[in-house]
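What follows is a single structure, written as structure tokens, with notes after it.
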Amino acid sequence: MTNSVIVTIARFVSLLFGGIFAGFLVTVLVIESTLRSFDAAVYTQVRLVELAHLDDLATAALVPTLIATAALVFFAARVRGRTFWLTLTALILLVVVFATSLLVNVPINTDQLTWNVQAPPADWASVRDRWQIAHAVRTGAAVLAFGCLSAAVMAKSPSTRQTTRA
């Protein structure tokens, strides 16, 4: 398989899964912001429903995006043009998403799996707030990463500029 085929596949994977991931996080952000007006029992019930399989979707979308974006950075590193810098920025943002998830969101998710709808913990609102702030950070980073990946695809490489001028 040639490098150009690998890069084409990596671009496709990074854009497809990066878009799915960013859209998924935005959807969860909207749901979570809506939940702020509900009581502890409703919040706990919805979180338990979310935790049933949404983490699987997040993993299935984030992991291929990270791998494909890292591959794109590797292949673009020799040229160091606009595409490289946009893709590197996307990779750094995706690492921020991953780190935020591992350090804040996943531990809270694990704890929330033990919550009881009829008797949520007394500190449920502060736990919710911590989770939602971290989620807003990772959502912003994911959307910016997707924007960088999209811009990198649209950026013209030096070889493309030369052929279009002729």
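Dividing the helix sum by the residues of the chain, where each DSSP H run of 4 or more adds -39500 (n - 2.57), gives a mean residue ellipticity at 222 nm of -28500 deg cm²/dmol.
Using θ = phi - 60° in the Karplus curve 6.51 cos²θ - 1.76 cosθ + 1.60, the 3J(HN,Hα) couplings for the range 72-87 round to 4, 4, 4, 6, 8, 4, 5, 8, 6, x, 4, 4, 4, 5, 5, 5 Hz; x is entered for Gly and Pro.
Express in whole angstrom the spacing between the alpha-carbon centres of the range 36-113 and the range 1-32. One Cα centre to the other: 11 Å.
Among the listed values (i) 19.2, 72; (ii) 15.9, 55; (iii) 20.0, 77, the one computed from these coordinates for Rg and Dmax of the Cα atoms in Å is (i).
Computed FRET efficiency, Cβ-Cβ of Val95 and Ala125, R0 45 Å: what is it to the nearest 0.05? With a Förster radius of 45 Å, E is 0.90. Derived scalar couplings between HN and Hα for the range 132-145 equal 5, 5, 4, 5, 5, 4, 5, 5, x, 5, 5, 5, 5, 4 Hz in order, rounded to whole Hz, by the Karplus curve 6.51 cos²θ - 1.76 cosθ + 1.60 (θ = phi - 60°), x for Gly and Pro.
Look at the alpha carbon pairs under 8 Å that are at least 6 residues apart: their mean separation over the length of the chain gives a relative contact order of 36 percent. Hey, got a sec? Which trypsin sites (Lys or Arg not before Pro) in the range 1-102 land in a DSSP loop and have at most 12 other Cβ atoms within 10 Å? Of the trypsin sites (Lys or Arg not before Pro), the ones in loops of the range 1-102 whose Cβ has at most 12 other Cβ atoms within 10 Å are Arg36, Arg78, Arg80. Once the Cα atoms are used to define both axes, helix 3-35 deviates from the longest principal axis of the chain by about 30 degrees.
Relative contact order of the range 15-95: 32 percent, from C-alpha pairs under 8 Å at least 6 residues apart in sequence.
Calculated accessible area for the chain comes out at 55 Å² per residue, all protein chains present (probe 1.4 Å; ligands, DNA, RNA ignored).
Split the accessible area of the chain by element, probe 1.4 Å, and carbon with sulfur accounts for 71%.
The values are calculated or read from the model by the stated rules, or taken from the named source; none is laboratory data. Please read all numbers here as calculations on a predicted model, not as lab measurements. Cβ: placed from backbone, ideal geometry, glycine included. Neighbour counts: every protein chain shown. Side chains are part of the model used for accessible areas, which takes the heavy atoms of the whole protein and leaves out ligands, DNA and RNA. Shrake-Rupley method; radii C 1.70, N 1.55, O 1.52, S 1.80 Å.
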